[in-house]
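Single-structure report; data block below.
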Amino acid sequence: MINSDESWFGQFSKPLIIAGPCSAETEKQMLITAEGIAEIKVDFFRAGIWKPRTKPNSFEGVGAQGLKWLQRVKDDFGLKTATEVATAEHARLALEHDVDLLWIGARTTVNPFQVQEIAEALQDTDKIVMVKNPVNPDLDLWMGAFERMAGQGIKKLAAIHRGFSIYKKIRFRNEPQWQIPLDFKKEFPLIPLICDPSHITGNRNWIDEVAQEAMNFGFDGLMVETHPNPNAAWSDAEQQVTPEQLKNILQNLILRDADDIDKEYQMLLSSLRHQIDEIDRNMLEMLANRMKVAEEIGALKKSHNVALFQPDRWAIIKSLMLKNAYKYGLSQEFIERFLNAVHQESIQVQNKIMEQNQNSL
Ligand code: PEP
Ligand code: MN
């Protein structure tokens, strides 16, 4: 247990909403976004000023000048503001410019030295400080960052789940592992939990689905990247939504009472869906490999002047697969349809190879 004060959260209605662009790009872009957002129930306007990018030579943020733009958003639209701080210097500058909410990004949470320095720069602040989970699924590291904050007298805290980085992307940019924020909640039951479906999905089409999932798990709020013209955004273009789309997402959310939430069921469902996504991805990879082999067979047949369709070979494949289908409890009719589709595509792939060779002769 740490010495935190969650009463700040009481002045907001659930879910708490943080929205705004991934990055501050220009003052105009900030003001247009703020205008769109001010009409929706949004509690904090977010914008990244200093951007931790995976690769160099991409847009790394406008720097401290963006803090003035955030101040204008607050003055002109009455919105509370939020930005990411990755160093003690960022933290000092953000405090100087009266940013209301400061968050520590996933790439910073992994580094205890940096987290400690930021905590010291924010000592005894009455600003809200949120900590994103580290990029790797390490609950202790995440909790450690909160202990460092609380150790410096920072009391208004919240945790943000933004998913975890994995080597081979299955579906999402950063896979959510709901068990981890829920275990966090067991350790720090009073600290509000926010979900960031933008960085979890990496794709604006799935934000509603993950936001709903977060509500089903009893999360207290959402952080959603919002941009007036998402496709033209200087960072994270695919995952940003317009203020209008955000409005729809929020309107369609089904909110549940804490007592109604069956976390076991949600977790099982989420894990089963995860398995289906992985199996589908493997299936596609195997089909692609099969087609590559078919291409090689096509080239071989061509060079040996052999007919493309070999009925005897096809009859053998089919009877073998139908026997196996029976063994695995799969319907013969389904497997027959599936095999025919695969075979047809395979013939087409081989045919293309034959034609290509002919054209090049
Ligand atoms: C962000 O919120 O723009 C960001 C960089 O997120 P994360 O730290 O989750 O990658
Ligand atoms: Mn982003």
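Choose one answer from Leu193, Leu31, Leu70: the residue with the largest mean-square fluctuation in a GNM of the chain with alpha-carbon springs under 10 Å.
Evaluated over the chain, the most mobile residue of the options is Leu31.
Give me the angle, in degrees from 0 to 90, between the Cα long axis of helix 207-216 and the longest principal axis of the Cα atoms of the chain, rounded to the nearest 10.
Relative to the chain, helix 207-216 is tipped by roughly 70 degrees.
Which Cα, out of Leu330, Ser4, Leu308, lies furthest along the positive dipole direction of the chain (beta carbon charges, K/R +1, D/E -1)?
The listed residue farthest towards the positive side: Leu308.
Exactly which trypsin sites (Lys or Arg not before Pro) in the stretch 160-209 are in a DSSP loop and have at most 16 other Cβ atoms within 10 Å?
Values: sites: Arg162, Lys168, Lys169, Arg171, Arg173, Lys185, Lys186, Arg204; in loops: Arg162, Lys168, Lys169, Arg171, Arg173.
Those that pass, being in a loop and sparsely packed, are Lys168, Lys169, Arg171.
Can you tell me the accessible area per residue over the chain, all protein chains present, probe 1.4 angstrom, in square angstrom? Intermediate results must be reported in sequence, preceding the final value.
Numbers: 18580 Å² over 361 residues.
Roughly 51 Å² per residue, with all protein chains present.
Pull up the cross-link candidates among the lysines for Lys327, meaning alpha carbon to alpha carbon under 29 Å and not fewer than 8 places away within one chain.
Result set, ordered by chain and number: Lys292, Lys318.
Using a Debye calculation, one point per C-alpha and no hydration shell, please list log10 I(q)/I(0) for the stretch 172-245 at q = 0.13, 0.26 Å⁻¹ in order.
Listed by q, the Debye log ratios stand at -0.40, -1.15.
Gap in Å between the Cα centre of the stretch 108-158 and the Cα centre of the stretch 266-327?
Measuring centre to centre over Cα atoms gives 49 Å.
Compute the helix-to-body angle for 65-77: its Cα long axis versus the longest principal axis of the chain, expressed 0 to 90° and rounded to tens.
80 degrees
Based on Cβ point charges of +1 for Lys and Arg and -1 for Asp and Glu, what charge dipole magnitude is obtained for the stretch 157-259 about its Cα centre, in debye rounded to the nearest 20?
In debye, rounded to 20, the stretch 157-259 gives about 280.
For the stretch 77-236, compute the orientation-averaged projected area of the C-alpha convex hull (one quarter of its surface), in nm². Show your work: numbers first, answer last.
On the way: hull surface 39.6 nm².
Averaged projected area of the stretch 77-236's Cα convex hull equals 9.9 nm².
If I stretch the segment between Glu285 and Gln11 completely, what's the gain in nm (0.36 nm per residue apart, minus their alpha carbon distance), one decimal? Spell out each step's value before the answer.
On the way: separation 274, 0.36 × 274 = 98.64 nm, distance 4.99 nm.
Gain on stretching Glu285 to Gln11: 93.6 nm.
Starting from the alpha-carbon convex hull of the chain, give the projected area averaged over all orientations, in nm². Before the final figure, lay out each step's value.
Numbers: hull surface 95.1 nm².
The number I arrive at for the chain is 23.8 nm².
Compute log10 of I(q)/I(0) for the stretch 123-165 with the Debye formula, placing one identical point scatterer on every Cα and leaving out solvent, at q = 0.21, 0.32, 0.33 Å⁻¹, to two decimals.
With no solvent term, the Cα-only Debye profile gives -0.64, -1.11, -1.14.
Quick one: what do you get for the stretch 133-207 if you divide its Cα Rg by 2.2 N^0.38 Å? Before the final figure, lay out each step's value.
Values: Rg = 13.1 Å, N = 75, 2.2 N^0.38 = 11.3 Å.
Cα-based Rg divided by the globular estimate yields 1.16.
Just Leu287, Leu79, Leu250 to compare: in a GNM of the chain, with alpha carbon springs under 10 Å, which one fluctuates most?
For the chain, modelled as a Gaussian network with Cα springs under 10 Å, the answer is Leu287.
Could you check how many percent of all C-alpha pairs in the stretch 234-295 are farther apart than 17 Å?
On the way: 1334 of 1891 pairs.
The answer is 71 percent, as a whole percent.
Based on the Cβ-Cβ distance from Arg273 to Asp124, what FRET efficiency comes out when R0 is 41 Å, to the nearest 0.05? It would help to have the intermediate numbers written out before the result.
Numbers: r = 44 Å, r/R0 = 1.07.
It comes out at approximately 0.40.
With a sphere of radius 10 Å drawn around the Cβ of Pro176, what net charge do the other residues whose Cβ falls strictly inside it have (Lys, Arg +1; Asp, Glu -1)?
Working: positive: Arg162; negative: Glu175, Asp196, Glu213.
For residues surrounding Pro176, the net value is -2.
Can you show me the helix-derived [θ] at 222 nm for the chain, built from DSSP H runs with n ≥ 4 at -39,500 (n - 2.57) apiece and divided by the number of residues, rounded to the nearest 500.
On the way: 13 runs with 182 residues, N = 361.
Taking each H run of at least 4 residues, the total per residue is -16500 deg cm²/dmol.
Taking Cα atoms of the stretch 187-302, Rg/Rh with Kirkwood Rh, to two decimals? Intermediate results must be reported in sequence, preceding the final value.
On the way: Rg = 20.1 Å, Rh = 17.2 Å.
Ratio value, two decimals: 1.17.
Just from the alpha-carbon atoms, what are the Rg and Dmax of the stretch 219-361 in angstroms?
Taking only Cα atoms of the stretch 219-361, I get Rg and Dmax of 24.7, 73 Å.
If you put +1 on each Lys and Arg Cβ and -1 on each Asp and Glu Cβ, how big is the dipole of the stretch 261-361 around its Cα centre, in Debye rounded to 20? Working shown, then result.
Details: 13 positive and 13 negative charges, 76 e Å.
The dipole of the stretch 261-361 has a size of about 360 debye.
Which length gain, in nm to one decimal place, applies between Asn351 and Ile317 when the Cα-Cα distance is subtracted from 0.36 nm times their residue separation?
Numbers: separation 34, 0.36 × 34 = 12.24 nm, distance 1.94 nm.
Taking Asn351 through Ile317 to full extension adds about 10.3 nm, to one decimal.
In the neighborhood of Arg273, defined by Cβ-to-Cβ distances under 11 Å, what is the net charge if each Lys or Arg adds +1 and each Asp or Glu adds -1? Show your work: numbers first, answer last.
Numbers: positive: Arg171; negative: Glu209, Glu213, Asp277, Glu278, Asp280.
Combined, the nearby Lys, Arg, Asp and Glu give -4.
State the extension gain, in nm to one decimal, for the chain segment bounded by Glu147 and Asp76, taking 0.36 nm per residue of separation less the distance between their alpha-carbons. Don't jump to the answer; show the numbers that get you there.
Working: separation 71, 0.36 × 71 = 25.56 nm, distance 3.62 nm.
This chain segment gains 21.9 nm when fully extended.
The values are calculated or read from the model by the stated rules, or taken from the named source; none is laboratory data. Keep in mind that this is a model prediction, so the values were computed, not measured. All Cβ positions, even for glycine, are placed from backbone atoms using ideal geometry, and neighbour counts span all protein chains on display. Surface areas here come from the heavy atoms of the whole protein model, side chains and all, with no ligands, DNA or RNA. Shrake-Rupley method; radii C 1.70, N 1.55, O 1.52, S 1.80 Å.
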